[in-house]
Amino acid sequence: MIKVLFLCHGNICRSPMAEFVLKDKVAKLGIEERFEINSAATSREEIGNPVHYGTRRKLAPMGISTAGKTAVQVKASDYDYYDYLLIMDENNRRNLMRIIGSDPENKVHGLLDFSDRPRNIADPWYTGNFDVTYDDIVEGCDTFLEHLIKKGEI
């Protein structure tokens with residue numbers, strides 16, 4: 001089983017969007033039983049809050065629901081549990097490293113590190129642009145799956 005944890009600042013916009021987009025993609029491929037996919041925050045600001053309405057509104061037309069998801073914070077023990085910890089930007093990396101200490105097994109990656117144009121994924125909490133964030137997350141999830149295929153993991 002491939003265990004994936006998406007991370008962003010508050011776990012209400014980007015990381016749950018990525019969590020549910022990837023869950024949808026692997027379900028459509030018929031390989032969802034080979035994955036455990038979750039998301040978490042690197043901060044405590046939104047703990048217990050539901051997914052941001054902008055993310056819910058963006059995913060709904062695709063038939064993707066985030067019902068029941070509330071923000072949680074990453075724990076140091078998550079490093080040992082998950083195979084991939086996929087961050088949205090370099091601030092997330094810095095905050096994650098404060099929590100987990102180090103990355104000796106090279107599990108921490110930017111979601112778009114697998115693409116031809118590695119870059120940060122803009123936070124729609126600040127930009128208000130959930131469309132751009134969604135497009136970047138879809139690109140990241142697609143290229144992450146391609147990476148797993150190339151590595152022979154799926």
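The values are calculated or read from the model by the stated rules, or taken from the named source; none is laboratory data. Remember, it's a predicted structure, so these values are computed and weren't measured experimentally. Don't worry about glycine lacking a Cβ; one is built from the backbone with ideal geometry, like all the others, and counts go over all protein chains shown.
Within the stretch 1-45, restricting attention to residues that are under 16 Å from the mean Cα position of the chain (by Cα) and in a loop (DSSP other than H, G, I, E, B), which residue is surrounded by the fewest Cβ atoms within 10 Å (Cβ to Cβ)?
Applying the filter and picking the extreme gives Ser43.
Report yes if some residue within the stretch 70-79 is acidic (Asp, Glu), touching a residue at least 12 places away in the same chain (Cβ under 8 Å), crowded, with 17+ Cβ neighbours inside 10 Å and under 17 Å from Asp136 (Cα atoms); otherwise report no.
No, the conditions are met nowhere in the stretch 70-79.
Give the number of residues within the stretch 112-154 that are more than 12 Å from the chain's Cα centre (by Cα), aliphatic (A, V, I, L, M) and under 21 Å from Ile37 (Cβ atoms).
Final tally of qualifying residues: 4.
Grab the helices (runs of 4 or more DSSP H) fully contained in the stretch 55-154, keeping just those with 3 or more residues being hydroxyl-bearing (Ser, Thr, Tyr), modelled with pLDDT of 95 or more and within 20 Å of Val21 (Cβ to Cβ). Walk me through it before giving the result.
Numbers: elements: 78-81, 90-100, 124-127, 130-150.
Correct list: 130-150.
Quick check, is Asp83 touching a His at 6+ places or on another chain (Cβ under 9 Å), within 20 Å of Thr143 (Cβ to Cβ) and in contact (Cβ under 8 Å) with a residue 40 or more places away in the chain? Full working, then the answer.
Working: touching a His at 6+ places or on another chain (Cβ under 9 Å): no; within 20 Å of Thr143 (Cβ to Cβ): yes; in contact (Cβ under 8 Å) with a residue 40 or more places away in the chain: yes.
So Asp83 fails the test.
Mind checking whether some residue in the stretch 31-39 is touching a Cys at 6+ places or on another chain (Cβ under 9 Å), small (Gly, Ala, Ser) and free of Cβ contacts under 8 Å to residues at least 60 places away in the same chain?
Our first condition is that a residue be touching a Cys at 6+ places or on another chain (Cβ under 9 Å); within the stretch 31-39, this holds for 39.
With small (Gly, Ala, Ser) added as a condition, the list becomes 39.
Then drop every residue that is not free of Cβ contacts under 8 Å to residues at least 60 places away in the same chain, which leaves 39.
Yes.
I'd like to know if the stretch 122-131 contains one or more residues that are more than 23 Å from Asn95 (Cα to Cα) and either among the aliphatic types (A, V, I, L, M) or in contact with a strand residue (DSSP E or B) (Cβ under 8 Å, 6 or more places away or on another chain) (or both).
Checking the stretch 122-131: not a single residue is more than 23 Å from Asn95 (Cα to Cα) and either among the aliphatic types (A, V, I, L, M) or in contact with a strand residue (DSSP E or B) (Cβ under 8 Å, 6 or more places away or on another chain) (or both).
Among the numbered conditions (1) charged (D, E, K, R); (2) touching an Asp or Glu at 6+ places or on another chain (Cβ under 9 Å); (3) buried (at least 16 other Cβ atoms within 10 Å of the Cβ), tell me where Arg117 comes up short.
(3)
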